[in-house]
Structure formats: C-alpha cells, structure tokens
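The structure appears right after this line, and notes come after that.
No lab work stands behind these numbers, since they all come straight from the coordinates. Quantities reported herein were computed from a predicted structural model and do not represent experimental measurements. Quick reminder, even Gly has a Cβ in these numbers, built from the backbone with ideal geometry, and neighbours come from all protein chains shown.
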Amino acid sequence: MGIHHMSIDLETRSGADISKTGSYRYMQDADFRILLFGYSLDDGPVQVLDLTQGDGILPKNIQVMLTNPSIIKHAYNAAFEWYALNRAGYTTPISQWQDTMVHALYCGYAAGLAATGEAMGMPEDKKKSMTGKALIRYFCNPQKETKTFKKKYHDPEDDPDRWQLFIEYNRQDVVAEQSILHMLSMYPMPESEWALWRLDVLMNAYGVRVDEDLIRGALSIDAQCTEELKAQAQELTGLQNPNSTAQLLPWLAQNGCELPDLQKLTVEAALQRDDLSPKVRKALELRQLLGKTSIKKYEAMEAARGEGDRIRGISQFYGANRTGRYAGRLVQMQNLPRNYLSTLDDARRLTESGNYRGLKMIYGNVPDTLSQLIRTAFIPSEGNHFVVADFSAIEARMIAWLAGEQWVMDVFARGDDIYCETASAMFGVPVRKHGVNGDLRQKGKIATLALGYQGSVNAMVTMGALRMGIAEEELPDIVTKWRQSHPKTCALWYQVEDLAVRCVNSCEPQILPIAGGRSQIIFRMESDLVFGQSFLTIGLPSGRKLFYPRPYLAENQFGKLAVHYYGVRQATGKWGSESTYGGKLTENIVQAIARDCLCEVLRRVDAKGWHTVFHVHDEVIVDAPKDVTADDLCALMDAPIDWAPGLLLKGAGFEASYYMKD
C-alpha cells in the first residue's frame, strides 16, 4: 500500500478557558466535546462531520483511518487534534501524525494559521478571522445564563444559520492547512525532527507533577501579604490605591521624587538615590513588594493543573524558530526566578501550611521567598525523584569547537576554570579563583558571556558588567583584550558573514569546514518555481537546516552590504524584513547546534526508559526511579556525538525531591 495523507481540523467545546489552562487541561474538562470533524483525504473535497447530530460518533471508516499506519494525519498544531481524539475515545497513535505548524516553524515562518498563511503570501481574511472568533465564542465557550437562555452552551438549533457558518469556517481551516502543507512539502523536515516532535508531544502529554499544597499555600500567603502591604502603603501615602501608577506617580512627584514610570528598573534606580526622604523610600520599597509578579506563576500552575496533579503542555517544540530551540508555555519555565535560600525545606513546609506569620518572621521578605519557592512546586511522581543535569558552558565550548580556538578547547579538556583561563589569556598573568589575581576572573567571566558573538561594550553592559562592579571606562579595554586572545573566534564571525553574502549573491553553495575538516556547515540558496518561495539555508552537522525566508542583499544601517531576510521582528512582533551579520549568524549556529546536542540527550534518556518531564535551555529534568543517579544522566551528556567529532561536552547535575537551582 502507498502512503496517503489526511488533513484534519477539529472544533471543540469545553468549560475550561484554554488561554489560561492550556489545551491539555482544556480537554480534561468534564464538558469537553468534539463538535465538528473536518477532513480531506489525499486532497479530495473537504468533508465536515457534525458530531452534534445523530449518535455523535465518528463513522467506522474514519475510525479505521485514524489507526491506519499508511495514512499520515496532518493538522495545524497537531498535538491538539491527536490528544482530543484520544480523549474522545478514538485511538490514533502519535507515530502516524505530522504537525503543519511545526513544519512551518522549521522553515522559518511564524506560528498561527493566519500568520503562517500571510507570511507565505496568503493574506489573512480579517473578516473571516473575526467571524471565526465570534462563532467560537458562541458555540464553544460557556454562556452566561439570562432570563431567556437557561443552558450552559449554545447548540446548533439555537441558530442554524450561524451553525452553517461555523461548519464553513471549519472547512476553510482544512483548506488553509492543506495549502500551507503543499507549499512546505517542497522543503521536507527530516524524519529525525519528526521523531523529536513526537517525543515532545508525549512529554507534554505525560506532564510534570506539581505540589498542590505548596501552590495553594503560596496563593493564600500572597493574598494575606498583599492586603497587609496595601494597608501599609495606604496609611503611608493616604492614597486609595497606592499600587496604581496614576495615583502613586503624582504623589512621589509632590514629595520630591519625580519619575517617568514605575517599572522595575526605574524603581530600583530610584532607590539608589541618597536624597530620598524616609517616607518616599518606604513607599518605593512597598511598591517593589506589591509589584512582585512571581505569584502569577502559581496562578498559572493552579489553572493548568490537571489529572494526577500534573501540568501538561509546558514545552513548545521549535518555539524559537530561528534556531529550533524549545520555548516555554503556560508557566514559562525558561524564566523562573532563581532560588538562593539555604533552608528551602523549612520555607516549603511553612508555605504548604499557609503560615504567613511564620514565613514573614523567619524570612522577612515574603514575596521574594515565595518567588524563590516557585521552582520547588514541581515535584517527581510518587516513588521517584528528580535527576537534573545541564551542559556546562556549552556555548563557550561550541564556539571554540566551530572556530578551532584550540587553547579554549584545551582548557575544557583539562577541566580548568574557563573564566580564569580567559582572564589569564587576556591580561597575560596567572589567574586563580580566590587566589592569585582572582579579581580578574570576573572580567574573564563577563567577557566570555558577552563577547562571543561580535558583541562590544553594550553587550557587556547588557550582560550586567556594571552591576558586577566593573567600571564603565574599563569595558573598551576588556573588549580589545578578549578579541586579541580569541583571534580564531573573531575570524569565524567574518568568515560566516562572508559565506552567507557570497551564497545569496551567487546562489552557489558555500562550505565552512569545522573540526579540522571532519565536519562542515553548508550555506545554500533554495527556491522553487511552483510557489515562488526562496530561502537561505544553513545546513548543520546534525543534518538539520536553519531557514531564512526571502533573503536578499542590501546595505544595513552601517552602510555595509548585508544579508536581509523576512521573519518575526523582535521589536514589533510582526512579520517583516531584518538584517543580520556574522556575529548574529554565528550565535544562531551555536545555539542551534547546542539545541541539537540537547536533543541527543533527550533521545538517550528516552532509550533508557526514563521520563524527561521538562527541559530548560541546556538543562534536562528527569522523573526517574530512585536508583537512577545524577552520574547516570551526566554520562549521557558527556558521551561523544557522532556528528560532532572533537566536541567536548560536560554535564553537571544533582538529585532532589523537588526542582530547584542547585
């Protein structure tokens, strides 16, 4: 039998707010139901099955298709359709599915059906979009009871004409998904990436357990703390709502402290002034405490907590589509506050019991304490423990490997401190942590973190050089010394930029040999005449490619000929043209290969039969039996990778009964 393709789109309803709970908890709601099943087989006419009619069960032939391995099922954000169908009692293995959204992200496009279509030259029908949202609100969301409407949901018979519009909306979504799928088919995603996507879907569906008592205790304590702080601020300022920017800014100005806004950094800077009155200083300190937003993480956890006290769907495969790195969803694991408390167990016990007074008496700053406990709300399954490990200095190792900066690779091979050795190379003297010339280590550290991608003084400031106590006038000299001590890394930036420009200009492949020629990175121009798409692609050692849509050469803001391409602009969040350069391309390549190294570990963990419950940047969190150790996990991270000859990786880890920053 040959391979067939089936495009699917569902319309569903649930009592849960998907924007707050995420899709998995949404589908675990008691009211969850599939309303419409739109599909097309092998580009045939789109059929829409109305599951609100008759017995509400999919026909037998469709159920057979959902389990047939020779029929690949496609959907936009396919994890939703896959999980929804299985929740509704229709078995369909994830091994038979592919996600058109993920394929679009792989090719450098934006997420979202309308956004992808627009980026690919299929302009969004704004009227259709608004109509669709209104139809979803009408048929899919719980309704408010009125004198004339006593049901929880609208049914088709409440408005047959509107229901027919909803059926047509579902049909058109299948058509749009098919159109995107056809355009992407010219640029296939490797099967190895599909396997990783399926691994991610299964990880998200398995979920991670959370401590219900800790979450509820934290929310209770925060409510008590907020009430107390607000009362103090009201008494101090005389304002009805001292947490209101519109009220507090004029009050501060009247009391000799005029500020442009009350953003976090503005308040922090104001508190450094020595001309503040005690009253104003106290008001700003209370503002800081009241403005602590970390409690929103607990609220997000509580909203997303589903069956088995597990949160599902916290990872987005290919969320950073320029590099293919994963992104966080719901709780946003990528930006959790760090923990510094040495008595985490005691703080957790007080919080679990809702003991606000005890927490305040022992730790003082309650909002900060709750913030530090957020990580610890993630706990292993019953009878297991967390085994956590991350790659040590992976980007510094990676860029040295790519550039052939041998002395840096030798530092890692010896297991020496890279920050000390960098400072030693920069300043020409021995540097030892807490020893001879130890004060220079900090300069070596900030230079290592900030300067690897063609950054200069501004990059060091952004990385926190001034907060670390390095004088601003020292920064240019640090930049110069770091570049002098890393000549091959600097050469790599310009070589990468030159190869990219040559490739776009000539449409001929350009090759960057790495690891002494044992591996390579390939720049190519790829285009098709059918749909008129074009890309600059960068082939990585793993076999994956990075995609830069619609590339062209033009002068950049510095008057230099540079590669431009289309993507989601960071400044606006909208699709548009932006330029790039050697350092930025090098950063993309380094972070992409680091992501591929992480993926090798995820495969190895899966092969062991352990459960990865989430991962953050270069860190892996495994929910494992008690006999699995940190050394076991680090061994998987340290093992050589076939496609990266000579790359020395090192994992560092720990075991714990809850997640934390070790």
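Observations on the structure shown:
- Extension gain for the segment residue 244 to residue 41, taken as residue separation times 0.36 nm less the Cα-Cα distance, is 67.5 nm to one decimal.
- Based on Cα contacts under 8 Å between residues 6+ apart, region 4-185 shows a relative contact order of 24 percent.
- Placing unit charges on the Cβ atoms of the charged side chains and taking the dipole of the chain about its Cα centre, the candidate lying farthest along the positive direction among 598, 376, 339 is 339.
- Rounded to the nearest whole Hz, the Karplus-based 3J(HN,Hα) values (6.51 cos²θ - 1.76 cosθ + 1.60, θ = phi - 60°) of region 35-51 follow the sequence 8, 10, 10, x, 7, 9, 10, 6, 6, x, x, 6, 10, 10, 9, 8, 7, with x at glycine and proline.
- Each residue, residue 474 and residue 296, gets one label point 7 Å from its Cα in the Cβ direction; the gap between the two is 3.6 nm.
- For peptides 193-201, 433-441, 406-414, sequence by mean Cβ density within 10 Å, most packed first: 193-201, 406-414, 433-441
- Cβ-based net charge around residue 304, under 15 Å, with every Lys or Arg adding one and every Asp or Glu removing one: +2
- Fully extended contour minus Cα-Cα distance, from residue 631 to residue 232, at 0.36 nm per residue: 138.6 nm
- Spin-label pair residue 67-residue 648: with each label point 7 Å from Cα along the Cα-Cβ axis, the two points sit 5.4 nm from one another.
- For the peptides 164-175, 242-253, the ranking by packing is 164-175, 242-253, with the highest mean count of neighbouring Cβ atoms within 10 Å listed first.
- Note on residue 223 and residue 662: the model spin-label points, each 7 Å out from Cα along the C-beta direction, lie 3.8 nm apart.
- For the pair residue 143 and residue 571, the difference between a 0.36 nm per residue extended length and the Cα-Cα distance amounts to 150.3 nm.
- Zone of residue 192's modelled label, taken as backbone nitrogen in region 634-648 under 12 Å from a point 7 Å along Cα→Cβ: 641-645
- Residue-wise HN-Hα coupling along region 307-320, computed from phi with Karplus coefficients 6.51, -1.76, 1.60 (Hz; x: Gly, Pro): 4, x, 6, 10, 9, 10, x, 8, 10, 10, 4, 6, x, 9
- Relative contact order (%) - criterion: Cα under 8 Å, at least six apart; region: region 201-297: 28 percent
- Using the Cβ-Cβ distance between residue 4 and residue 136 with R0 set to 35 Å, the FRET efficiency works out to roughly 0.70.
- Cα-only radius of gyration and Dmax that characterise the chain, units Å: 27.5, 84
- Ordering of 483-494, 4-15 by burial proxy (mean other Cβ atoms within 10 Å per residue, highest first): 4-15, 483-494
- Judged by the gyration tensor of its Cα atoms, with axes a ≥ b ≥ c, region 591-656 is prolate; a/c meets the 1.5 cut and a/b is the larger of a/b and b/c.
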